[in-house]
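Data first, discussion second: the structure below is written as structure tokens.
The values are calculated or read from the model by the stated rules, or taken from the named source; none is laboratory data. All of these numbers come straight from a predicted model, not from anything done at the bench. A quick note on method: Cβ atoms are made from the backbone with ideal geometry, for glycine too, and the neighbour counts reach across all protein chains shown. Surface accessibility is based on the protein's heavy atoms, side chains included, excluding ligands, DNA and RNA. Shrake-Rupley method; radii C 1.70, N 1.55, O 1.52, S 1.80 Å.
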Amino acid sequence: MISKPILFLCLIGFLNLNAQSWFELLQRPDANLYDIQQSFESYWQTHDKSEKGKGYKAFRRFEHFAEPRVFPSGKLSQLHLTESHFQEWQNEQILLKPLGQSALVASATWTAVGPMGAISGNAGAQLLKSGRLNFITIHPTQYSRLWVGAPAGGLWSSSNGGQSWTTNTDFLPVTGCSDLAVDPTNTLVMYLATGDGDAGDNRSIGVLKTTNGGQNWFTTGLTNPVSNWFLIRRLIINPSNPQILLAATNSGVYRTANGGTNWTLVNAANTCDLEFKPGDPNTVYAAGNSFSVSTNGGQNFMQITNGIASSGVNRMAIAVTSNDSNYVYVLASSSSNSGYQGFYKSVNSGMAFTASTNTLNLLGWSNAGTDNGGQGWYDLCIACAPNNKDEVVVGGVNVWRTTDGGNNWSIYGHWVGSGAPFTHADQHDLEYAPDRK
């Protein structure tokens, strides 16, 4: 699944731009495809593009989509809606025009006719090649109720544990979804982070809100035109006070204390993940290319450097567990090649960490963990078991699992190879069922 004589200023800007890697340029609000292509081609002159799971194909797919749409300027802000389209949709909301009165049922009027066949690395499996999903959200009390969000295909819900799905977000101005926060005290109230936070295939228009279980969606105070090239990666809701939400974006962390009416930028660092400490929502963890902690409910954050990397990282993901609320795990990808940078463990609520001595590449393509590089800029996720603080699952191209807090790892799901069940490549989210025993 974010600038003396003018000639001198232009030169400095050019040098700074090229000092950034192509996947960092892709996250910038002023992203330009031609600058990214130049950096991308330069990078792959010294890297093996035949290796799978290193991000080459993922970018080429995006490039194929973007190139004809941004010519001739190269500005990625031209990819999607115009400002007039977004304004028209906002006006419709003001007039309370219903959106998606009736849900669309998956496969109600369509039958799959192909192409269907064996996906590489899973001999004999007959599977339909389908699109990517960014997240899965489980209902706070009814665990058979699920929501998933697609980077360009909208929000889908299931009431029977995933056996069937419905959607009514096809008429939203942006159908990309990066996260969903559900009010635990009134599950008809939900907040949707729009856009694609991982690859930026769809840029965000901000956070939308529903008060009737998703039948209608309306803008909140966190609204952004697509021309701002805004990314939201994570959206969390305070379990003790659901009027408080935090959004992780490429512009930083935004916070609301009144159910989305007003938002404040509380941390300007590019942020990819957020978590509340279990049982103590005054403690909030935030991570982008560094790790920070808030002890006042997300009003302020302080960067932590004790035992955890503060440089050489392009993205981090966080996991916590109700089995021991003091435990925090962080998975980090390297800024040099998007492969494994480190796995970090804290037993004192994120104040200090210990780095794992593991040398396996948990983010690469190899099911033995013996290759280099990965796609950490694009797919990176982690989850800790709610009933076992030492059991952690991480995802990149493949899925890996530890049962001893990160000292030893085994392949848990792989794209090719053996030793575990087949899973499609590119993991964007991992969740344990809350009722897992």
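Here are some notes:
- Top-ranked residue in segment 319-334 [being surrounded by 24 or more Cβ atoms within 10 Å (Cβ to Cβ) and β-branched (Val, Ile, Thr); ranked as nearest to Leu235 (Cα to Cα)]: Val320
- Residue count for segment 118-143, restricted to those that are at pLDDT 85 or above and either part of a strand (DSSP E or B) or open to solvent by 60 Å² or more (accessible area, probe 1.4 Å) (or both): 8.
- Here Asn388 fulfils each of the conditions (1) in contact with a strand residue (DSSP E or B) (Cβ under 7 Å, 6 or more places away or on another chain); (2) at pLDDT 95 or above; (3) in a loop (DSSP other than H, G, I, E, B) apart from (1).
- Among the residues of segment 20-45, those that are open to solvent by 30 Å² or more (accessible area, probe 1.4 Å) and assigned to a loop (DSSP other than H, G, I, E, B) comprise Gln20, Arg28, Pro29, Asp30, Gln45.
- Against the criterion of being in contact with a Ser or Thr (Cβ under 8 Å, 6 or more places away or on another chain), open to solvent by 20 Å² or more (accessible area, probe 1.4 Å) and among the polar types (S, T, N, Q), Asn258 does not qualify.
- Within segment 261-291, the set of residues being closer than 20 Å to Ile205 by Cβ, open to solvent by 20 Å² or more (accessible area, probe 1.4 Å) and of a type in the set (S, T, N, Q) comprises Thr261, Asn262, Thr264, Asn270.
- Checking every residue in segment 345-353 against the condition of being more than 14 Å from Trp400 (Cα to Cα) and hydroxyl-bearing (Ser, Thr, Tyr) gives at least one match.
- Scanning segment 391-421 for residues that are open to solvent by 50 Å² or more (accessible area, probe 1.4 Å) and either assigned to a strand (DSSP E or B) or within 16 Å of Leu133 (Cα to Cα) (or both) returns Arg401, Ser410, Tyr412.
- Screening Thr357 against (1) at pLDDT 95 or above; (2) part of a loop (DSSP other than H, G, I, E, B); (3) surrounded by fewer than 23 Cβ atoms within 10 Å (Cβ to Cβ); (4) not charged (D, E, K, R) leaves a single unmet condition, (1).
- Members of segment 247-274 found to be more than 28 Å from Leu25 (Cβ to Cβ) and either assigned to a loop (DSSP other than H, G, I, E, B) or of a type in the set (A, V, I, L, M) (or both), listed by number: Ala257, Asn258, Gly259, Gly260, Thr261, Asn262
- Yes/no for Trp365 being open to solvent by less than 20 Å² (accessible area, probe 1.4 Å), at pLDDT below 95, part of a loop (DSSP other than H, G, I, E, B) and more than 24 Å from Tyr432 (Cβ to Cβ): no
- Listed by position, the strands (runs of 3 or more DSSP E) contained in segment 186-246 that have at least 1 residues being open to solvent by 10 Å² or more (accessible area, probe 1.4 Å) and under 24 Å from Gly279 (Cβ atoms) are 232-237.
- Every residue from segment 149-170 that is open to solvent by less than 20 Å² (accessible area, probe 1.4 Å) and of a type outside the set (S, T, N, Q): Gly149, Ala150, Pro151, Gly154, Leu155
- Residue in segment 300-311 that is under 26 Å from Asp196 (Cα atoms), in a strand (DSSP E or B) and β-branched (Val, Ile, Thr) present: no
- Subset of segment 171-185 that is touching a Leu at 6+ places or on another chain (Cβ under 6 Å) and assigned to a loop (DSSP other than H, G, I, E, B) - its residue that is least open to solvent (accessible area, probe 1.4 Å): Pro173
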